[in-house]
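Visitor: Sharing a structure here in structure tokens format.
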Amino acid sequence: MTQLQFPIVPQGTVSPAAGEAAKQDGIARATANTPPDWATACRAAIELMARRGQPFQAADLIAEGLVDEPDSPARWGAAFMAAAKAGVIEHAGVVPSRRATVHRSLCRQWTGTASFRAAVA
């Protein structure tokens, strides 16, 4: 069996700029619709985990009882992206998720930045 191959890339199917714009739009919508109490608890949980200097993922925040599962999984990306933009955390690889709800799909793991850990020490 052979795979169907197009001799050219159809216009609009591959666009890094459009992909990034869609990502930023999705993050902005998720942030705007996140309940403030969950956002505050999640930010505090991320900062606590970041101070430890060990890699972590969303499942770790739940497992330690620091924050509950959000009403929408889109909330996680917005929370972690905000913390990364603020210099609290940085990307530390991709690993299978430990959250049962996502069936071990791949997810980012994070670690606290050296500058954040030094600032709170």
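The values are calculated or read from the model by the stated rules, or taken from the named source; none is laboratory data. What you are looking at is a predicted structure, and each value in this text was computed from that prediction instead of being measured. Note: ideal-geometry Cβ built from the backbone for every residue, glycine included; neighbour counts use all protein chains shown. Keep in mind that these areas ignore ligands, DNA and RNA; they rest on the heavy atoms of the full protein, side chains included. Shrake-Rupley method; radii C 1.70, N 1.55, O 1.52, S 1.80 Å.
Visitor: For P(r) over Cα pairs in 5 Å bins from 0, in percent, which listed value, (i) 2, 9, 16, 18, 14, 11, 10, 10, 7, 3, 0; (ii) 2, 12, 24, 25, 22, 12, 3, 0; (iii) 2, 10, 17, 20, 18, 12, 7, 5, 4, 3, 1, 0, comes from the coordinates shown?
Guide: Looking at P(r) over Cα pairs in 5 Å bins from 0, in percent for this model, the match is (iii).
Visitor: Please compute the length gained on full extension between LYS23 and VAL95, using 0.36 nm multiplied by the number of residues separating them and subtracting their Cα-Cα distance. Walk me through the intermediate numbers first.
Guide: Details: separation 72, 0.36 × 72 = 25.92 nm, distance 2.06 nm.
Length gained, LYS23 through VAL95: 23.9 nm.
Visitor: Right, something else. Given a 1.4 Å probe and every protein chain left where it sits, what share in percent of the accessible area of the chain is carbon and sulfur?
Guide: 59
Visitor: Another question, if that's okay. In nanometres, what is the gap between the two model label sites at SER15 and GLU64, each 7 Å from Cα along Cα-to-Cβ?
Guide: 4.1
Visitor: Can you find, among GLN54, PRO16, VAL102, the residue sitting farthest towards the positive end of the charge dipole of the chain, where Lys and Arg contribute +1 and Asp and Glu -1 at Cβ?
Guide: So the residue we want is GLN54.
Visitor: Enter the Cα centre distance for the pair region 105-121 and region 51-78, rounded to the nearest angstrom.
Guide: Spelled out, the Cα-based centre of one part sits 13 Å from the other.
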